[in-house]
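The values are calculated or read from the model by the stated rules, or taken from the named source; none is laboratory data. Treat the numbers as computed from the prediction; the structure is a model and nothing was measured. All Cβ positions, even for glycine, are placed from backbone atoms using ideal geometry, and neighbour counts span all protein chains on display. Note: areas computed on protein heavy atoms with side chains; ligands, DNA, RNA excluded. Shrake-Rupley method; radii C 1.70, N 1.55, O 1.52, S 1.80 Å.
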Amino acid sequence: MSIIDLLNAREHLELYGKIKCLKNLYPEVDNLLEGMNLLMNGETIAGGFSGGNKRKLMVAIAMIAQPKVLFLDEPSTGLDPESKRFMWNSIKSYKKNCSIVLTTHSMDEAENLADNLVIMKDGQFKTYGNINYIKNKYSEGIYIDLMFKQLSLEQLKDKLSEFSEINSKVMFERKDIDGILYKYFNNRLIWKDISSFGNGKIIND
């Protein structure tokens, strides 16, 4: 969807809503402006928007009239981390009512938004599946820093062995006032598996 520099956010949504013959136009425009955090910028012409607000407006335009299928191309590219999370949450809340086809180069974006992934190369589908299937099949592994208040190396090894012993290793790194830091590598561990590591926390990956 194109942005017209001389129109404000509200005028954009009203224009595209009328093009799509939206009957309940003005309440939906208000909801989208609020949902995309654009109410404060609703009367500002789009030519003066930041890159992040332009992205939000483009996604709001795509969502107007509640399409059954929504196509998005790298919607969070160029956004700061806070705005990126806001955008992802907005899209996730919207996908309850429609199917979304998303193209992206960011695996982080794909992992947060996609139920299923297709990876393409040279215009051809190379693989299809959910994020855990693709990670387990193609990933070389993950490296994690784990910190615990009180947990010996042997205790940690026993706990981690519940998940996988294939090409995995854990090493003592250092002990400081925050706790005991371990480095862990595993080529089969799935992110959801690390939700119950006692009183530990992931501090880096």
Size of the dipole of region 1-80 about the Cα centre, Lys and Arg at +1 and Asp and Glu at -1 on the beta carbon, nothing else charged, in debye to 20? 260
For region 1-103, dividing by residue count, accessible area per residue (probe 1.4 Å) in Å² works out to 57
Ignoring any ligand, DNA or RNA, what whole percent of the accessible area of region 1-58 comes from carbon and sulfur when the probe is 1.4 angstrom? 56
